[in-house]
Each structure stands twice: as C-alpha cells, then as structure tokens.
Amino acid sequence: MTGESSRVEARVARILRIGDAGTRIELRVPVSFVVPRAGQFVQIACGAGDAFRLRRPFSVCGWRGLPDGGEISILFSVVGEGSAWLDARKSGDRVDLIGPLGAPFRTVPGRIPILLGGGRGVAPMLHFADQIAEALPDGMLLYGARDAHAIFPTEGCPYPVYRSTLDGSIGQKGTVIGLLEQMLSRGGIRADSAALFGCGPTAMLEALSRLAVAAGIPVQVSLETVFGCGTGLCAGCAIPLRAKPGAPEDPFGRYAFACTDGPVFDGAMVDWEAVRE
Amino acid sequence: MTGESSRVEARVARILRIGDAGTRIELRVPVSFVVPRAGQFVQIACGAGDAFRLRRPFSVCGWRGLPDGGEISILFSVVGEGSAWLDARKSGDRVDLIGPLGAPFRTVPGRIPILLGGGRGVAPMLHFADQIAEALPDGMLLYGARDAHAIFPTEGCPYPVYRSTLDGSIGQKGTVIGLLEQMLSRGGIRADSAALFGCGPTAMLEALSRLAVAAGIPVQVSLETVFGCGTGLCAGCAIPLRAKPGAPEDPFGRYAFACTDGPVFDGAMVDWEAVRE
Amino acid sequence: MSRIDLSVEIGDLRLRNPVLCASGTFGYGIEQPAAAIRLGGIVTKTLTIEPRAGNPPPRIVETPSGMLNSIGLQNVGVERFIAEKLPDLRALGTAIVVSVGGRSVDDFDAAIARLDDAPGIDAYELNISCPNVKEGGIEFCQVPSAAASVISTVRRRTRRSLWAKLSPNVTSIGSLAETCAGAGADAITAINTYVGMAIDLEKRRPRLPGVTGGLSGPAIRPMALARVREVLRRVSIPVVAVGGIVTGRDALEFLLLGAKAVQVGTGHFLRPDQGTVVLDEMAAFLEREGVSSIGDWIGSLKED
Amino acid sequence: MSRIDLSVEIGDLRLRNPVLCASGTFGYGIEQPAAAIRLGGIVTKTLTIEPRAGNPPPRIVETPSGMLNSIGLQNVGVERFIAEKLPDLRALGTAIVVSVGGRSVDDFDAAIARLDDAPGIDAYELNISCPNVKEGGIEFCQVPSAAASVISTVRRRTRRSLWAKLSPNVTSIGSLAETCAGAGADAITAINTYVGMAIDLEKRRPRLPGVTGGLSGPAIRPMALARVREVLRRVSIPVVAVGGIVTGRDALEFLLLGAKAVQVGTGHFLRPDQGTVVLDEMAAFLEREGVSSIGDWIGSLKED
Ligand SMILES: Cc1cc2nc3c(=O)[nH]c(=O)nc-3n(C[C@H](O)[C@H](O)[C@H](O)COP(=O)(O)OP(=O)(O)OC[C@H]3O[C@@H](n4cnc5c(N)ncnc54)[C@H](O)[C@@H]3O)c2cc1C
Ligand SMILES: Cc1cc2nc3c(=O)[nH]c(=O)nc-3n(C[C@H](O)[C@H](O)[C@H](O)COP(=O)(O)OP(=O)(O)OC[C@H]3O[C@@H](n4cnc5c(N)ncnc54)[C@H](O)[C@@H]3O)c2cc1C
Ligand SMILES: Cc1cc2nc3c(=O)[nH]c(=O)nc-3n(C[C@H](O)[C@H](O)[C@H](O)COP(=O)(O)O)c2cc1C
Ligand SMILES: Cc1cc2nc3c(=O)[nH]c(=O)nc-3n(C[C@H](O)[C@H](O)[C@H](O)COP(=O)(O)O)c2cc1C
Ligand code: FES
Ligand code: FES
C-alpha cells in the first residue's frame, strides 16, 4: 500500500442533496492523490480539530482527472454525527482525507461485468462502470432502492441501468436480487459468461454470493464493518472467511481486514453465517 | 436564586471584533430573562451539542431592554476553544445561555462610585456605570489596558473615563492602580467619600484591595476562578476568605463560592495570599 | 408527564422514577427546586460530622469529555445541614438520600447517629470512595475490610436504608460489592470518580493543588457500565448506577444492564435541570419502544 | 529536524527520540514505513507463540473522546513474524520492541525462546495486561504473583531488555510495578487499556460480542497520568508512558512527570503518521521554551 495513499486537504467543489437518497459531495484533491480505483475508499476526518473522532470510511463513487489534481465524488447518507458533519460542508470548505485505500474490484477475464448496487451501495458501482465500460462495453448495472425517492441519479452511467424498488415506484418491484434472478432465468444475463460485482446491505451481498456460488458465477462484494484506522494498523475491521478447502489450518486467516484485504472480497470466501451474527 | 435566572436560547444580534481588544457580542434574550445587574454573569454553552464542554462564564457588560425581551452584551477575548467558538458566531446564530447569575456590585450609601476596569475587566464596569449614573452622577471610570490596540471603546459611558496604558500609547502611562494612586494623592478622588469597584486581573484586584483597606475605602472586586457549574451545585469555584475578626471558627466559611456568593466580593474579606498561590 | 410506570424499588424505598442526582453535583438538593421536585430522589452533597473547608482552588479541570474535581468534601457539617437545609429539602416531597463521609469509622458512626434523630431521611449513601480526602491514608474501598467495618458499624446504629458507594479504583469491584453486601448494605451505588490528574505545561505544575482529582463525565461512561455489570454479577441487592450519564439513552443503558436506578452527576453542569432532561428523554424513548413499565426494561439486556 | 537532543535511554537501550508507537496500534511496524523510520522505537502488535484468530467482529466501538477495542490479539504468531515481518522491520533502522503475549507462563516462555534466536530485536514488551484475552481466567496483572512469575521465567530465558506492560485495572499499580521490578523487569510500560463496555439500545445487546473491551484514547489520559505517577513513585527503573497521547503537549506532560519515553496508540487512527506529529510538536514546544535537551525536561515537574 506504501506510496499509494496519502493524506490530503481536499476542498469541497460541490455538494448536492438528492432528496431522500442522500448527499453527493465532490472533493478537489491535489496531484499527490493517486487515481482511485472502483471499490476503494477514503477515510475522512469528520469534524474539525477539538473533539476526538475516528475517521469515517466512504467509498469513492466517481473520479474526474484535472490537470492539477482531480475531483473525487462520494454518495452518502446521514446516519450519525460524522456523516452529519460532512453533510453540513459548504463549497470551498476543507476536508481532511486519506486515500485511496483498500483493494478495488477487479474484472474477471472473459466475463461480462454485471454490477449490482443496493441503496447507497450503488456508489462504487457507478465508479466501476466509468472505469471499465470502455474496455468492457457489454456490462450492465442493476440498481435496487427502497422507493423512487431514495434513488440516486445515474444519468452519466455508461452501462444500461435496470432498476428495482421495493414498492415498485420505479423499475421492477422487489429487490435487486429478484431482478438478477429474473434476468438470469430469462437469459438477459448468462451464468457462464457473467461476473457479478455487488455493493449494498450485507443481507443483499449474502444473497448475491449464495446465488453466484450456486450458479457457478464469480462474485466480488464490497463489505462494510466498523473501522478503527482504515489503514491496516489496528486489526479492528475483521471479516470472517471460510477456510480454503484443503489448505493447512491457519487461525490467523480466520479474519481478513476489510480495510486492506478488502473492502472488496470474493463472495464465495466470506463466511456469511459468521458475518450475520 | 430561584426564579432569578433561567436558561434561554439567545440569538446573536450583533458581533463585532474590536482590534486586539477582543470581541463584543450582543445577544437577544426573551422576556423570561431577568434584567441583569452589573457584576452578574451568564453561563454560555460554547459548542453545539455533540462534544462535552462545561459552560463558560462571561460577565454582562451591557443591557438594553426591549418590549419583548432585551439584549445583553458581552466583551470577551479568545483564549481557548470555548471563547473561539463564541467568536465564530454570526448574527442570527443561537446561543444557549443561563443567567443572570451571581451577586452583583452594590453601591455604598453616601459614597461616590469609582469604577476600575483592567483589560477586559472593564466589561462589568461599563454595565455598572450605565446602571447607577442617573442616581449617582458624580462617579468615574478608570480604565487600564496594555496599549492603545487593546482598548475597548467606551463612548457611551455616562461617567468620565480616565485611561492608562502600560506603554502610555493612550492616557497615562502605567497601571490603572498607578492612576488611582495619583488621583487620590492629587485629590481628584477622596478617600473619605469614595467607594472602589474593580474588575480585572487578579494582581490588579489584590493591589486595589490592599490600597483600599490601607486607605479605609470600601472596595468590591469581581473575581474569576475556574467554574464547574456556575449555579451553586458543585462547590468548584472556591474563593479563600479571611476569617471574620472575632467570629466563631467556621471551617466551612474558609472558601466562598464565586458563582453564588460572588463573583463580586468585599476586597477586604478576600484572603489574597491564598488566592495568589 | 409520562403514562409509563417509572417507579422502582431500592430495597424498602419506593422511588417514583429511577433518576436521582449524584452526590456533590446538585448541592444540598435545594438550590434548584424546580428540577428537584421532579427527580426520583435527591442525594445530598457528602456530609461529615464536622463542617469541612475543602481543598484550595482551583478545584476543577476540564479534560476530554470529562472533568477532574478536587473539592475535598467542603460541606456545612451534619448539624447545620439538619438545621438549615433539611427543612427545605423535606418540603420538596422528593425522596431524600443523605450522603455521609468521614475519615474514620467513628466519623461515619457519629454522623449517622446525629442524622438518625432527624426526621424525613429515606436512606444514607455511605461515601467510602472519595478520592480527594485521604488524611486517613487511602480510600476505604481500597481495603475491603475497612469498607466492611464502616458499614457494619453504622448498620448497628440505624434502621434506615444503607447504600454503599463504591470506588472504581480497585482490582475487583465485584468482590468489594460482595463484602459490602455481607456487611449489611441494602444497596450499592457504583461508581465514584476515577483517579486522574492534569498538568499545566507552561507552569510545569499539576493543575490541581492536591495533584490528583476525580474524573467524571461522559469519558468514564464505558468504564462505569463495565463496573456496574461486575457488581450486578456478584450481588443480589439493588444497584444504583452512576458515571457519565448525561442523556436519557445513557441512563437506559445502565437500567438495561440491571441497575434499579441511576444518578446524574456532571451532567448537571451542562444544565442545572439535566436530571429532568434525562428523565424526559428516557420516558419518551420507552414510550416509542412500547415499554409500558420500567420494570420490563430493567435487566433485559440480551447477552449470549 | 530538530536541534534539540531528544535521545533517551531505557536501561541499556538508547532511543534517538522518546516517541514510540503503542502495541497493536501500528501493526507490525512495517505498514507505514515513512512514519516508522522517524520514531524513537517501534513496538509491534502483541505476538503469541501460535497464530491467533482474534475475536469476532465488531471489534471497535467509538465512545466519548475514546474507543473500545476487542481485537483479541489476532496475530500471525512468532514464527511467521520472524520470517515475514522482522526482515522489513529491521530494514527501517528504528529500535525494535517486540510485544509478547500468552495465556500461560509457558506461552510467554516459548515465544521469547523462539524470538531470542532471531537477530535485531532490542527489547521485549511483556503484555501481561490485555483485557481481551481471558481464557486463562483473568489478566496476569490482577494477580501480582502471576505477573511476577511470567517475568522471572522469561528473565532466565533472555538477556534482552524486558519491559512489563501494566494494567490500570488494579487497586495499586504502584505495588504491581514494584513486584515486576523485583521479578527482573528492566522497564515498566504503563498503561494498557481500561475495561469498558457499550450497549446498543435498539438491539438491547452489548455492542461487542465479548461484551467488554479496552478503553483507549484522550478520555483516559488524565487517569494514565495519575497511574504513571503512581508507578514513578514506587520504582526506579525507567517508565514508558502510554494512554491518550495524541499531541506533542500530551507527550510532554508524561515526560514532565518523569517517564523516559512515550507511546502513541489510538492517535494513529487519526493519522497513520500521528507519532511523527507528536514528535514534531514536542520538539517545537521545547525549542520555544528554550529546552536544549529532553533530559532537562524529563521529571522536572514541580510538585509542592
Ligand atoms: C469501506 C466502507 C465504505 C463505505 N462507503 C460509504 C459510502 O459510500 N456512503 C455512505 O453513506 N456510507 C459509507 N460507509 C458507511 C459509513 O462509513 C458510515 O455510515 C459512517 O461511518 C457513519 O458515521 P456517523 O458518524 O455518521 O455515524 P455513527 O454515529 O458512527 O453511526 C451511526 C450508526 O451507523 C453504525 N455504523 C457506523 N459505522 C458503520 C459501518 N462502517 N458500517 C455499518 N454501520 C456503521 C453505527 O453503529 C450507528 O448505528 C462505508 C463504510 C465502509 C466500511
Ligand atoms: C465570573 C466570570 C466572569 C468572566 N467574564 C469574562 C468576560 O466578561 N470576558 C471574558 O473574555 N472572559 C470572562 N471570563 C473568563 C472566561 O470565562 C474564560 O476566558 C473562558 O472560560 C475561557 O474558555 P475557553 O474555552 O476559551 O478557554 P480554556 O481552554 O478553557 O482556557 C484557556 C486558558 O484560560 C484558563 N482559564 C479558563 N477558565 C478560566 C477562568 N475562569 N479564569 C481564569 N483562567 C481561566 C485556562 O486554564 C487556560 O489556560 C470570566 C470568568 C468568570 C469566572
Ligand atoms: C464536582 C463533583 C463533586 C462531587 N462530590 C461528591 C461527593 O461529595 N460525594 C460523593 O459520593 N461523590 C461525589 N462526586 C462523585 C459523583 O457523585 C459521581 O459519582 C461521579 O461524578 C460520576 O458520575 P458523573 O460522571 O455523572 O459525574 C462528585 C463529583 C463531582 C464532579
Ligand atoms: C485497537 C487496539 C489494539 C491494541 N492492541 C494491543 C496489543 O496487541 N498489545 C498491547 O500490549 N496493547 C494493545 N493495545 C493497547 C495500546 O497499546 C495502549 O496501551 C492503549 O491503547 C492506551 O494508549 P492510547 O490511549 O494511546 O491508545 C491496543 C489498543 C488498541 C486501541
Ligand atoms: S480498520 Fe484498522 S486494520 Fe482495518
Ligand atoms: S461553579 Fe459550581 S458551585 Fe460555583
């Protein structure tokens, strides 16, 4: 990871509240900031100075390169004090962040990328689509949300976007996993040529991974847990993994670190029972 | 104290930075707020919400009654996080305060009030002048500051203002105590008809009290110490007092509470050696 | 007013709600009558048989999410309390818990003997855990036998309820609680402050003249929770929880663990009526969650 | 770079400056090489003779001005450490302190025996104070004789420097330090985390699967200061201070008390190079105050 991430004083370029869906913030970073890859995240110091607060992790949802640096964008919802602080920023404000961090999504040679975003989990998927669409133009994005109000705009997305909402107010009624199952069964997506990439609520990622494993489709998921440092120092961000079949027993390998080994994991390797507990 | 103080959501009416001298903030309070008397203070919650911070005490420096409430003004300097927070307020912002609190200055029947303010200690003296000038028009204000830059404007003051600065850049060169001694020796102030009222650095108040006691002049001083509650609950704000001559021994009476017994004390009763330690 | 039944019982003593003030953070209980009449009970500033001057200033230092105090039990003494404070306190109609301290077993015994003649006191809280008064050597709590001897001595003196207030500055607060229960305590109050200190770098001196003080406030809440849990696992007498409680949610955490009541301390310095804020927030939360009686909430934490 | 002489000696070990990282908060010391090469020394994550899986997630809870952790000593084990981490660590040229833990005296002994064959280790820090690993019953520190037996056993095994890392969750950390010095420790590291817990009200469950965790961060600094002072008053071997140090000023407070060096722990989660921030702030302060050698500052607190 050395040299790949740095701490920068970013500036808020734009901040936009998108209905119930949350907030999109675009942050200007200097050239020292390495181009982030989809699935990577940044650690933001949410709160200036006096009070102690751990940094908060946010996935990068877009990148725009500029001659003297670039802009990263983040989609987020307010769930507590840290995200409320971020939501209160105004254009021009400073934001202290570290990044890009973590292991990104990786395309699977010979397979068509099927991206699945649940709720604000659509963020890294939009970034992934931007990053790979030129090389892999046949991909698509399946995007599930609670209802029409909770949908982030996906206009610029280079992939076709298929949507689902729980109440059917936009797109197909039901979950994004239901949508995927339907497309698999109707042949819109073929198990032998697809690779699945997901980000969203843990229950969705578990369902996605089980489905993928059952259907023999490669699957990568971006997982969240509570972070201490986000930089591989504290061992706080444990993700339980299954033992590799046939591999020697390795107690240390029971838990991987979401911040450095992840946040993107092979969905087949995650021990979902233990995650759920 | 019951019924005399209340917690209110004040609004910043005006905030004004006065060079090196500090900041003047004017806060709109509702009718429930009792008219403050000079020497009283308010306890301000400097910092909104999340982080724990004890309230900070500030003397009232002025009062303007309005049909539906009033405005209190405060003069302050930034010395730490609490005062920095207050300094960052903008007009219209909310400020949670409790007041008015504490024992005010009290005029001495038959004696001409001589008010002495050192540095930002001038704040309650300006308020006191406003409050008593009509009834006692012969008073005066002696105001000492570090230099010309550190002087708060005193235009509206109903009393004549005599100034001193340590570097002589405005008024007489030296301390405000030097100025007082000079006026006493030249007869501008007469020991047999004056009462002294002071607020400022502890060393100044000690010198003032010693001088007053030696000259047989009544003296009241407003003292600062670290406050816990400001409302008489914690016993944190101890001011060491001399034993009353001839009174029965009273260990409890060794320390008075600056927030309820004070902040204004009889300068002759304070045990200055113990304060200084 | 809440429709939820908030009343709790600490041994024989019924409180109309489980929110009390913590000793030393609400004066003698009469300084803020409007708040005091709504509390479940009032715990007074710790009283000693003789008046005490307390420690020299400064007595307070703010620290991250907390504060240090070194008041040194400044108080008017039992005699003046009975004459000057108790009548007003009784007039409030709130349950009265008188906190008692001392440097020796005899001090405690004498104070209780005198207080026992005064009517209207519902319980005594024995402050055997003050970190700021150490003339006698160390805190009583640091020597369990000393703690036990205070309790068993005053137990013989009074029929009123005895709450033992414990220090967290010990290896095992659970076994200390057991000792106190065995010696005749009717309830345990946990916890008093943690020993701490602060330094003035510019002056190269401790900020408190007595060097160390007691740490309180939100900073200590996670530790207080763990300490209260240790006590609850070891004794069956009621436990009154204190330590960093500033909001209704904070209070509900301790009740969920199994504490029968809570005390609000440093929170009162944010607002003199913070105890009532805690009470109102607590009731509103329970109402939202559909809990109709506080008894259903107390001790309902699910540990696997 | 500073013109001030910042070097200190912990027994035989000379450090170029007194700022180290705290065990478990800076990985194995190789994750942030740019910061690591500037520190006075690196204390590794606690290693055990066998690799350990650690505790199930979540392992971290934020609290007022601090955090709880329940990592459970997840580590690669001594063998893999020597093979995979130590070479890179040695390449940094910073003093290396390997933290060692275990459930039994034999665990410690076996780990030290294996590590002693590996070159380039300057000292061992014996973690006898982890609140999150209790299979063996309780913390070693809670039973002074158990602590002593760990130290005296490994003392016979190695000639390298032994630092005993103490728990604050005891009645008298001073007498514990004395016991450890008597058993052969060359230095004392104080303090490890305070036992704490947090509750999820909505789920009515503890936030950590193991219920309790260790509290660290600025919240504990006032207590750490008082604990370090207790240790300093009881032993003459060097003391390395840790607990809530996040700024250069924080570090200077502990040095003023008499600690010979400090460790930055939770501070690293604010910035992975927080140790160097502490170092630079410290040097700038001393320069402003006209202190030319850190030795003149250490222990210069004026207590009346
Ligand atoms: C790798 C990664 C990428 C993320 N990307 C995004 C993103 O793109 N957009 C976005 O809105 N959020 C994202 N999150 C979640 C985000 O970090 C949390 O919402 C944020 O930390 C909450 O901080 P807070 O102070 O507002 O709330 P807190 O007060 O800290 O927490 C509010 C609630 O959220 C829970 N919580 C806190 N942290 C997490 C977490 N990491 N996972 C699950 N629950 C948590 C708390 O227990 C609490 O119930 C990501 C998290 C991770 C680990
Ligand atoms: C009755 C009373 C009236 C006051 N009136 C005014 C006023 O009108 N205008 C004004 O500017 N200030 C006034 N003060 C002082 C003011 O309360 C402090 O400046 C303020 O609390 C500092 O808060 P802070 O968070 O900015 O600084 P902190 O970070 O709390 O402190 C900064 C420095 O000031 C010291 N300090 C903190 N509180 C006090 C105190 N009470 N006395 C002396 N030193 C302290 C600290 O030890 C530290 O060195 C008054 C104080 C009292 C007790
Ligand atoms: C200023 C102050 C004074 C205190 N005085 C006493 C006291 O006289 N007797 C006592 O038993 N506890 C005393 N305490 C301890 C509190 O009652 C309480 O146990 C402790 O502060 C922890 O609770 P908190 O975090 O809610 O304040 C005092 C605490 C403070 C902050
Ligand atoms: C996430 C985390 C992991 C820790 N792991 C260890 C450890 O493995 N061994 C150890 O001796 N101390 C460990 N500690 C304790 C620290 O080394 C330090 O003693 C404590 O956190 C107090 O310092 P701080 O407030 O600066 O963090 C850990 C602390 C944290 C926060
Ligand atoms: S969050 Fe600290 S190692 Fe991952
Ligand atoms: S500041 Fe609490 S009694 Fe005065």
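The values are calculated or read from the model by the stated rules, or taken from the named source; none is laboratory data. Since we're looking at a predicted model, the values are computed, not measured. Cβ: placed from backbone, ideal geometry, glycine included. Neighbour counts: every protein chain shown.
Structure values in brief
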{"read-out": "Complete set of residues in region A:218-259 that are in contact (Cβ under 8 Å) with a residue 24 or more places away in the chain, in contact with an Asp or Glu (Cβ under 8 Å, 6 or more places away or on another chain) and facing another protein chain (nearest Cβ under 8 Å)", "value": "A:THR231, A:GLY232, A:ILE239, A:PRO240"}
{"read-out": "Evaluation of D:VAL278 against (1) crowded, with 24+ Cβ neighbours inside 10 Å; (2) at the interface with chain C (Cβ under 10 Å from one of its Cβ atoms) (one fails), failing number", "value": "(2)"}
{"read-out": "Within region C:16-68, strands (runs of 3 or more DSSP E) holding 2 or more residues that are hydrophobic (A, V, I, L, M, F, W, C) and within 28 Å of D:MET67 (Cα to Cα)", "value": "C:19-21, C:60-63"}
{"read-out": "The one condition in (1) more than 28 Å from C:ASP273 (Cβ to Cβ); (2) modelled with pLDDT of 95 or more; (3) among the charged types (D, E, K, R) that B:ASP96 fails to fulfil", "value": "(1)"}
{"read-out": "Single residue of D:ILE60, D:ILE37, D:ILE30 found to be more than 11 Å from ligand 4 (Cβ to nearest atom), facing another protein chain (nearest Cβ under 10 Å), within 19 Å of the chain's Cα centre (by Cα) and among the aliphatic types (A, V, I, L, M)", "value": "D:ILE30"}
{"read-out": "Selection from region C:261-275 of residues that are in contact with an Asp or Glu (Cβ under 9 Å, 6 or more places away or on another chain) and surrounded by fewer than 24 Cβ atoms within 10 Å (Cβ to Cβ)", "value": "C:ARG271"}
{"read-out": "Unmet requirement for C:VAL8, which otherwise passes all of (1) in contact (Cβ under 8 Å) with a residue 60 or more places away in the chain; (2) within 14 Å of chain D (Cβ to nearest Cβ)", "value": "(2)"}
{"read-out": "When residues of region A:261-277 are limited to those that are within 15 Å of ligand 1 (Cβ to nearest atom) and under 13 Å from A:GLY39 (Cβ atoms), the one surrounded by the fewest Cβ atoms within 10 Å (Cβ to Cβ)", "value": "A:ASP261"}
{"read-out": "Output for region C:76-120, where each listed residue is among the basic types (Lys, Arg) and touching a helix residue (DSSP H, G or I) at 6+ places or on another chain (Cβ under 7 Å)", "value": "C:ARG114"}
{"read-out": "Test: residue in region C:137-148 that is modelled with pLDDT under 95, at positive phi and not in a helix (DSSP H, G or I)", "value": "yes"}
{"read-out": "Residue within region B:261-268 that is part of a loop (DSSP other than H, G, I, E, B), within 14 Å of another protein chain (Cβ to nearest Cβ) and under 28 Å from B:GLU4 (Cβ atoms) present", "value": "yes"}
{"read-out": "Which numbered condition B:GLY82 misses (of (1) within 14 Å of another protein chain (Cβ to nearest Cβ); (2) within 16 Å of ligand 6 (Cβ to nearest atom); (3) modelled with pLDDT of 95 or more)", "value": "(3)"}
{"read-out": "Tabulated pairs, region C:26-48, first buried (at least 24 other Cβ atoms within 10 Å of the Cβ) and among the aromatic types (Phe, Trp, Tyr), second assigned to a helix (DSSP H, G or I) and at pLDDT 95 or above, C-beta under 7 angstrom, 6+ apart or interchain", "value": "C:PHE26/C:HIS268"}
{"read-out": "Residue check for B:PHE197: in a strand (DSSP E or B) and either modelled with pLDDT under 95 or away from chain C (no Cβ under 14 Å) (or both)", "value": "yes"}
{"read-out": "Whichever residue in region A:12-68 is surrounded by 15 or more Cβ atoms within 10 Å (Cβ to Cβ), of a type in the set (Lys, Arg) and more than 13 Å from every other protein chain (Cβ to nearest Cβ) and, among such residues, is nearest to A:PRO104 (Cα to Cα)", "value": "A:ARG37"}
{"read-out": "Output for region D:144-194, where each listed residue is small (Gly, Ala, Ser) and under 16 Å from D:ASP107 (Cα atoms)", "value": "D:ALA146, D:ALA147, D:ALA148, D:SER149, D:SER152, D:ALA164"}
{"read-out": "Qualifying residue in region D:70-85 (condition: more than 16 Å from ligand 5 (Cβ to nearest atom), within 14 Å of chain C (Cβ to nearest Cβ) and either buried (at least 24 other Cβ atoms within 10 Å of the Cβ) or β-branched (Val, Ile, Thr) (or both))", "value": "no"}
{"read-out": "Hits in region D:188-224 (condition: within 16 Å of ligand 1 (Cβ to nearest atom) and touching a Ser or Thr at 6+ places or on another chain (Cβ under 7 Å))", "value": "D:MET197, D:ALA198, D:ARG204, D:LEU208, D:GLY213, D:GLY217"}
{"read-out": "From A:ILE170, A:ILE151, residue being in contact (Cβ under 8 Å) with a residue 60 or more places away in the chain and buried (at least 16 other Cβ atoms within 10 Å of the Cβ)", "value": "A:ILE151"}
{"read-out": "Of all residues making up region C:69-81, the number that are more than 15 Å from ligand 6 (Cβ to nearest atom) and either part of a strand (DSSP E or B) or among the β-branched types (Val, Ile, Thr) (or both)", "value": "1"}
{"read-out": "Some residue of region D:283-300 being among the aromatic types (Phe, Trp, Tyr), within 11 Å of another protein chain (Cβ to nearest Cβ) and touching an Asp or Glu at 6+ places or on another chain (Cβ under 9 Å)", "value": "yes"}
{"read-out": "Residues that are in contact with a helix residue (DSSP H, G or I) (Cβ under 9 Å, 6 or more places away or on another chain), in a strand (DSSP E or B) and either away from ligand 3 (no atom under 12 Å from the Cβ) or within 14 Å of another protein chain (Cβ to nearest Cβ) (or both), drawn from region C:156-186", "value": "C:LEU162, C:LEU166"}
{"read-out": "Test: residue in region B:128-138 that is within 11 Å of the chain's Cα centre (by Cα) and away from ligand 5 (no atom under 16 Å from the Cβ)", "value": "yes"}
{"read-out": "Hits in region C:198-212 (condition: more than 7 Å from chain D (Cβ to nearest Cβ) and either among the hydrophobic types (A, V, I, L, M, F, W, C) or in contact with a helix residue (DSSP H, G or I) (Cβ under 8 Å, 6 or more places away or on another chain) (or both))", "value": "C:LEU208"}
{"read-out": "Hey, D:SER104 of a type in the set (Gly, Ala, Ser) and within 16 Å of ligand 2 (Cβ to nearest atom) or not", "value": "no"}
{"read-out": "Residue check, D:GLY182 over 19 Å from the mean Cα position of the chain (by Cα), under 16 Å from D:ILE151 (Cβ atoms) and not aliphatic (A, V, I, L, M)", "value": "yes"}
{"read-out": "Check on B:GLY99, in a strand (DSSP E or B) and closer than 22 Å to B:ARG7 by Cβ", "value": "yes"}
